[in-house]
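Only one structure is covered here, and it is reproduced in the block below.
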Amino acid sequence: MITQFRVSNGCCYQCCVVLEKVRAELFKESNVVRSLGRTFAVMDVDQNRLIDKQEFYWGLKNLGSSISKREASLLLDYLDTSKDGYIDYREFLAGVRGSPSEARCAAIEAAFKKFDNYGAGEVVVTELGQVFSCPDHPAVKSGECTVNDVFVQFLSTFGSK
């Protein structure tokens, strides 16, 4: 049995072990962020954009995780930074994916600035449409989809917001 104790980042040792196990099981997919978005949507059975302990446990089990109910409960409590008993998408993504490196943060910032044409501090669909270009997408090249179809598919990865 693993004893709980705090490590330098504030995570209990047992939480870190469970989180690393879940990450290893979920990160088998090549497109991690996109698959995590789908993973969250599948886990959110009642579609309230929040995952409770039961949804979290069964969602991970259905994805092939070997997590126990006790581990799932412990991990959900750790990932639930708002301490409301649920994990929202932001908490799920930040917890499971982890924090990006400094280089990744710089790339994210540069991409955001490219999309935020109006300097409002947010990116809206019209701004994305102005810079989104995919004429070389395989489905566009084959005539299966139009550029607009691919753009709409891309937007769907962000959910219904």
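Residues that are hydroxyl-bearing (Ser, Thr, Tyr) and closer than 16 Å to GLN14 by Cβ were ranked within the stretch 71-109; the one that is surrounded by the most Cβ atoms within 10 Å (Cβ to Cβ) is TYR78.
In summary, LEU36 fulfils each of the numbered conditions (1) surrounded by 11 or more Cβ atoms within 10 Å (Cβ to Cβ); (2) free of Cβ contacts under 8 Å to residues at least 40 places away in the same chain with the single exception of condition (2).
The residues of the stretch 62-119 that are without any contact (Cβ under 8 Å) to a residue 12 or more places away in the chain and on the phi > 0 side of the Ramachandran plot, listed by number, are LYS83, GLY119.
Regarding the stretch 111-122, can at least one residue be identified that is over 30 Å from ALA24 (Cβ atoms) and among the hydrophobic types (A, V, I, L, M, F, W, C)? Yes, there is a match, as at least one residue in the stretch 111-122 is over 30 Å from ALA24 (Cβ atoms) and among the hydrophobic types (A, V, I, L, M, F, W, C).
Return yes or no: is SER82 at pLDDT below 85 and polar (S, T, N, Q)? Considered against the rule, which asks whether it is at pLDDT below 85 and polar (S, T, N, Q), SER82 comes out as no.
Listed here are the residues, each with its yes/no results for (1) more than 25 Å from VAL150 (Cα to Cα); (2) part of a loop (DSSP other than H, G, I, E, B); (3) aliphatic (A, V, I, L, M); (4) within 17 Å of the chain's Cα centre (by Cα).
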residue	(1), (2), (3), (4)
SER73	yes, no, no, no
LEU76	yes, no, yes, yes
ALA94	yes, no, yes, yes
CYS105	yes, no, no, yes
GLU109	no, no, no, no
PHE112	no, no, no, no
ASN117	no, yes, no, no
GLY121	yes, yes, no, no
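The values are calculated or read from the model by the stated rules, or taken from the named source; none is laboratory data. On a predicted model such as this, the values are computed, not experimentally measured, just so you know. All Cβ positions, even for glycine, are placed from backbone atoms using ideal geometry, and neighbour counts span all protein chains on display.
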